[in-house]
1. Could you please find all residues in the range 157-171 being at pLDDT 70 or above and either open to solvent by 100 Å² or more (accessible area, probe 1.4 Å) or in contact with a Lys or Arg (Cβ under 8 Å, 6 or more places away or on another chain) (or both)?
2. Scan the range 3-25 for residues that are surrounded by 15 or more Cβ atoms within 10 Å (Cβ to Cβ) and aromatic (Phe, Trp, Tyr) and report the count.
3. Going through GLY19, GLY66 one at a time, which residue ends up being modelled with pLDDT of 90 or more and of a type in the set (Gly, Ala, Ser)?
4. Which residue out of ILE28, ILE90, ILE32, ILE61 is surrounded by fewer than 18 Cβ atoms within 10 Å (Cβ to Cβ) and not aromatic (Phe, Trp, Tyr)?
5. Would you mind telling me which numbered condition in (1) surrounded by fewer than 13 Cβ atoms within 10 Å (Cβ to Cβ); (2) at pLDDT 75 or above ILE150 fails?
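The values are calculated or read from the model by the stated rules, or taken from the named source; none is laboratory data. Here the structure is a predicted model, which is why all the values come from computation and not from measurement. Cβ coordinates were reconstructed from backbone atoms using ideal geometry, including for glycine residues, and neighbour counts include every protein chain displayed. With ligands, DNA and RNA removed, areas are computed over all heavy atoms of the protein, side chains included. Shrake-Rupley method; radii C 1.70, N 1.55, O 1.52, S 1.80 Å.
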Amino acid sequence: MLELQLFWTFFKIGLFTIGGGHAMIPLIMEEIVAKGWLSQEVLLDFIAISESTPGPFAVNIATYAGQEVAGIGGAIMCTLGVVLPSLIIIVIIAKFFSRYMNRPVVQEVFDHVSGSVTGLLFSVAVEVGILVMFGMDGLLDGAAFKPDWIAIGLFLGLLAISFIRIKKKKLPPIAIILLSAVGGVLLYGFIPV
């Protein structure tokens, strides 16, 4: 049954991902695209939608993917699958954490996990950025190199705005997000790609 396969896939993703929803992106891309449930383009669209809608990213992406693959049943099973491991782990940790949280080995594990999460997030940013800006269907599959000059221009413009913000601390992050959204809608809404 497809819904159970979706549940198990997202349960594994939720179980083996540390660092939140964004750290799940490589696993989701690998599992969902490899099984042929979604194309890389559709998955990238879902990532963008999940970023822009309220709620936890992991729940949003799981729900959208499940809905696309198997309807309402798929959405429910994917959402349960991605949430259940965290719930189980948090309940177990809550039972024992207060007793062991001040031990050096526990603190050292947290230090190493945060470095791993940073690396995963950087990897996701680079891979998604390359996929969006250069139109490659598969980084390792020898896909055609088709630069999206609009996306590259938006990226460079917003990068410059971000550096100005960091240097002068005048432009709030929400303004950068809104500028990105408006720029994307205006450019992609009126210029054929």
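1. Within the range 157-171, PHE163, ILE164 qualify.
2. 3
3. Numbers: GLY19 fails: modelled with pLDDT of 90 or more.
Unique residue meeting the criteria: GLY66.
4. Numbers: ILE28 fails: surrounded by fewer than 18 Cβ atoms within 10 Å (Cβ to Cβ); ILE32 fails: surrounded by fewer than 18 Cβ atoms within 10 Å (Cβ to Cβ); ILE61 fails: surrounded by fewer than 18 Cβ atoms within 10 Å (Cβ to Cβ).
Only one candidate passes the filter, namely ILE90.
5. Here ILE150 clears every test but (1).
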